[in-house]
Every structure is written in C-alpha cells, then in structure tokens.
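Heads up: the structure comes next, in structure tokens.
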Amino acid sequence: MTANPLSLFSLEVLDTRLISESQEKLSQNKRNATPSRWKTPEFYVYYVVFIIVVPQMFWAAMTASNENSVNYHLYEGKLTQGWILGRKVDNSDAQYAGFRNKLPILAAAVALHYVLRRLANAFGIRRLMFDVLFAAVFLAVLHGFSTIKILVIYVANFLISKSFEKKTGMLVTWIFNIIILFLNERYEGYKFGSLVTGLGILDSYCGLLPRWDVNFNFSVLRMISYNYDYYDSLANPIDIEKKNLDEVVSEKDRISIGPPKADYNFFNYIAYLIYTPLYIAGPILTFNDFIYQSKHPLSSTSAKRTLLYGLRVLVCILVMEWLLHYMYVVALSSSGVWDGLSPLQISMVGFFNLKTIWLKLLIPWRFFRLWALLDDIDPPENMLRCMSNNYSASAFWRAWHRSYNRWVIRYLYVPLGGAKHPIRNMLVVFTFVAFWHDIQLRLLAWGWLITLFVVPEVAAKLVFPAKKWGSMPIYRHMCAIGAVSNIYMLMIANLVGFAVGLDGLSDMLRDIFASWTGIPYFLFTSACLFVGVQIMFEVRAQEARQGVNLRC
C-alpha cells in the first residue's frame, strides 16, 4: 500500500506559488478535468482496502523491528535511550543524527539571526552587509579555521568567471568544481598540517562541523550557479530592474533574467554563497533569484504563511520522532538480519526505511527553508509530495529535492541539449547527481538504475499516447498497472542508493521469495499498489478540478 497519514504533511495545495501554469492554462485544466470519482462504488472498495491494509503495514514494520523481534538482540546496540515513554530511539542514521543532535543549537541560531536582522534593519544596515557579517561569524563557529580553505576555493571560482569567455568559462567552471568534489572526498577536507607543516596548529580548532567538505557540495552548486548566471547575463543583457514595477515578477523571470551587471560583483557573490539560512543544506536558490529577493522581498513571505509552515515543520519532526521510537527499521536494515521475518515484515522494513529517508531529508530542508522565510527569502519547496504519492519515475524527480532538480535542468540538462537526446542526457545528469551526493559505487548504480527505469515509462507513453487512448475507460487501469511497475523500480533504486545497497537488496529479495508464500504476497502487494495508484490518479484529478498543476 502506498498512502498513509504522513502524506498530510507533504503537499501545499493552497500555496499558489507552486502553481506553475498561466491562468489561461489553469482554466483549460479545469475544463479538461474528469468528473470526481471519490463517491463511486469503485472507490468505496478502495477505501475498504485502505482501512484494512494500512494498519497492517505499520504493525508489520513495528513487530519486525521492535524489542519483540526475533533479531532484536543483534541490533539493540545501535539504539540509544529516547524520550517517549522510556522507549529507546533509533538514532543510528549518522546524517539525521547530526541534524537531530544539533537541533537546539540551530534553533538558537535562528532566533539570534531573526533578532539581529530586525535590529540591523532598524539601524539602516544594508541587507547584504548583514548577511556577510553574520555568516562570517557563523562559518567561524561552524568550521573554525577551515573557513580559510572554503574562502580560497570561493575566490578561485570567482576568478574563473572573470577570466574566460562564456563557453570556455563554463567548461573550466565545471572541470574545476568536479575536481573540487573529488579532492574534498579524497582528502576529507585537507588538513593544514598536510598542506604546510608549520600550519598544523590550525587543525586544532575545526568548529562544530569539522567535515566542512561534506556540506560544501551545496557551495559547489552555488558557485556554478553564479558563474552561469554571470555568463548568461553577458550573452543576454536584460536587466530585471527595468521591468514595469507594477508587474508581478514571476519566479521564472527572477531565475532567467539577471540583475544589473554591476550586481555580479565579489561582495554579492560571497553574500550569496554563505547566506546563513541556506548554507548548510539548501534549498538551492540561484544567484539571480537571491539578488532579486534581497532587493525586493516577496509578498509570499507573510507572517501567517510562515507561521503555518513552521507548524508543519514541527509536525514532521514529531512524526519522525514517533517513527524512530517505535520502528527500529534503520538499525535493522543496516544490520542486514532478515532471518525469521515474513515477506510482509521484510518488505515493510524496506518501505519504512525509505519513509525515514524521505523524512530525514524533508525535515532539514523544511527547517532551513523556514529559517529563510523568517528572513523574507522564499526558496523553492524541496518536497512537493509525500514519498508515497508518486508513481511516475520522471515526475518523481520534479517533486523530490525540487530545487536541485531545477538546478540540474537549468545548469546541466538544458545546456547538454535537453530533450533532443533525453536518455543520453539523463545518464549524464544522474551520473553527476550520484557523484555529487557521494563517490560510491552504490550511488553510481542508483543513478544508472534511475536512467534505466525511466526508459519503460517513456516507451509506454510513445506506444500508448494519452491523446489517442485517454478517452478509453480501460486506459486508466492500463496506466495504473504501469505505475505499479514504476513504484517497484523506484523503491529498488532508492533502496540500493540510500539504504541497503546492492548486496542488502539482494538479501531482502532472496528472503522475501525464499518460501512459497513469496509469490502470493507479491501478487497481493501489487494489487494493493494498484489501489494506491488509483487514489494518486484521483488526487491529481482533484487538483486539476481546482486549477492546480504541480507537474508531478
């Protein structure tokens, strides 16, 4: 089954900023929308399936991983004491544990930044000047003397932008930044002592985050964004400041139309790279958009909207805490102990492992986006839909890490030729995406699997185009069958890339199909996924009836 209560905390249907179509096209979407199926006999059957199956999903994952599990003693050592009713907590995921353990410090930094911003505004201090001053102190606390290494790389990238013409400059920019990614990984941030013997004393203080190189991947994206936007402004010298002030400047214009040439200076470049709320993990804002919003705060950053968004972040954190206290799926999966578990339990451990991965990414992204909203900067929402509300491999990436997806399209996919060579370009894109995340074989396997799994969907759309087949009643069910296959492929790829790896997935599948019950269970699961997909279809149809088109 693919839908559960977590989806309540994922989608902002009423946020008009996410509606990407023109009013004319939205009206057309309404006219073309199908009649509602929510109260039809078919969907009443689906509701019964949900009522029966969804609780079983939770129960299977809990019994497979909690203290009553037959394998509990094998991963109990990975658990620590929690705060909910004396239960232990699965804080074994190093990435989320880093955020979770430092959340009080981050919350204090948000409060301090908010108060100092208001004081700076009251004293007439320029916005970008405050950004640089606060970020300088923030980086010193965060990375200590390693901040010097970061600034050296920043300066080198800036000099590239001023030393070459566009075509050569972008090639050098990409080569430079890919080399930086590789060297950062290879030398784990470069010790001062290994660079110059006499500077070893500087390694004594490396801040709260000594591995500055891990989060520097986001700086790489921003450095490429600045250079590309600068070169693009030279080739297309359109000044967004000269637009009619009475016009509402769209997000598309803020990204594609640059500020005056004078704004592409070193000070603004540094202010953009080290902007505190988005420095650690994004969401990713282009240089053009950042400069525009710094000069012209958007009406979308209203106090009411920000407050509601903050409540949503809090709810997501509490849901994650409940999962970590009652489902020890991360510890179990990393231990790879599947003996004695039923096919249902094994698959639900995999499913809720993916759910915790989704939440461990969603929560930091939304936390830092909330920080930016409090500061009157509105970056893109990274997660438009719940993980369980996706059935298309191509649409999935428009909703998952949305700001990164849009960055890749603008700065890599389109310059490579875009849809003229879709498969080749997607292979290049996902290879870079895997390399950007981490230089590991399992992530390269993930990138290549994603490219491979998109091919059947593209082929099906060519063979069965909606314009020709869409009016046939059976077409919706044919699409649902294809969507079930897509969901399996997405789960396989993401389990390989971000959870258990190739060997772990092989062990899971072997144990699921080790007995005769594996095949009937697979067929039953496929039927449940089919029901979930029909609900997903109707959710999107309902959005179309409301004039909303999220394109995912």
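Brief remarks on what is shown
- With the charge dipole of the chain set up from +1 on Lys and Arg Cβ and -1 on Asp and Glu Cβ about the Cα centre, the Cα lying farthest toward the positive end among the listed residues Ile52, Ile291, Met508 is that of Ile291.
- Whole-percent carbon and sulfur share, accessible surface of the range 464-552, 1.4 Å: 71
- What a 1.4 Å probe finds exposed on the range 64-146 is 68% carbon and sulfur by accessible area, rounded to a whole percent.
- With respect to the chain, whose longest principal axis is taken over its alpha-carbon atoms, helix 441-463 is tilted by about 70°.
- Listed residues Val115, Val315 arranged by accessible area, highest first, probe 1.4 Å: Val115, Val315
- Fully extending the segment from Val172 to Phe58, taken as 0.36 nm per residue of separation minus the present Cα-Cα distance, adds 36.0 nm.
- Here the range 345-444 is treated with +1 on each Lys and Arg Cβ and -1 on each Asp and Glu Cβ, and its dipole about the Cα centre works out to around 340 debye.
- Candidate residues Trp365, Trp469: accessible-area rank, largest first, probe 1.4 Å: Trp469, Trp365
- Sequence ranges 351-357, 412-418, ranked by mean other-Cβ count within 10 angstrom, highest first: 351-357, 412-418
- Only Lys, Arg, Asp and Glu carry charge here, each on its Cβ (+1 for the first two, -1 for the last two); on that basis the range 416-552 has a dipole of about 700 debye about its Cα centre.
- Divide the volume of the convex hull around the Cα atoms of the range 346-494 by the residue count and you get 145 Å³ per residue.
- Cross-link partners for Lys78 among the lysines, with Cα-Cα distance under 23 Å and sequence neighbours closer than 8 places in the same chain left out: Lys88, Lys102, Lys355, Lys360.
- Protection proxy ranking, peptides 98-105, 523-530, average beta carbon neighbours within 10 Å, highest first: 523-530, 98-105
- Accessible surface of the range 267-357 [probe 1.4 Å, protein heavy atoms]: carbon and sulfur percent: 70
- Given R0 = 30 Å, the distance between the Cβ atoms of Phe513 and Val48 translates into a calculated FRET efficiency of 0.60.
- Selection from Phe218, Tyr228, Ala331 lying farthest towards where the dipole of the chain points positive, charges on Cβ: Tyr228
- Ordering of 196-202, 136-142 by burial proxy (mean other Cβ atoms within 10 Å per residue, highest first): 136-142, 196-202
- With the cut-off at under 17 Å, measuring from each backbone N in the range 212-237 to a point 7 Å along the Cα-to-Cβ line of Leu199 picks out 212-213.
- Solvent-accessible heavy-atom area per residue, rounded to whole Å², over the chain at 1.4 Å: 46
- For the chain, pairs of C-alpha atoms spaced more than 38 angstrom apart make up 33 percent of the total.
- Leading residue at positive end of dipole, the chain (Cβ point charges), from Tyr75, Val110, Val531: Val531
- Residue pairs exceeding 31 angstrom between C-alpha atoms, taken from Lys149/Lys261; Lys252/Lys304; Lys39/Lys252; Lys252/Lys467: Lys39/Lys252.
- Share of pairwise Cα-Cα distances greater than 21 Å in the range 416-552 is 57 percent (whole percent).
- For the chain, a crude dipole built from +1 on the beta carbon of Lys and Arg and -1 on the beta carbon of Asp and Glu, taken about the Cα centre, is about 1060 debye to the nearest 20.
The values are calculated or read from the model by the stated rules, or taken from the named source; none is laboratory data. Quick caveat, the model's predicted, so the values are computed rather than measured. Heads up, the Cβs are rebuilt from the backbone with ideal geometry, glycines too, and the neighbour counts pull from every protein chain shown. Surface accessibility is based on the protein's heavy atoms, side chains included, excluding ligands, DNA and RNA. Shrake-Rupley method; radii C 1.70, N 1.55, O 1.52, S 1.80 Å.
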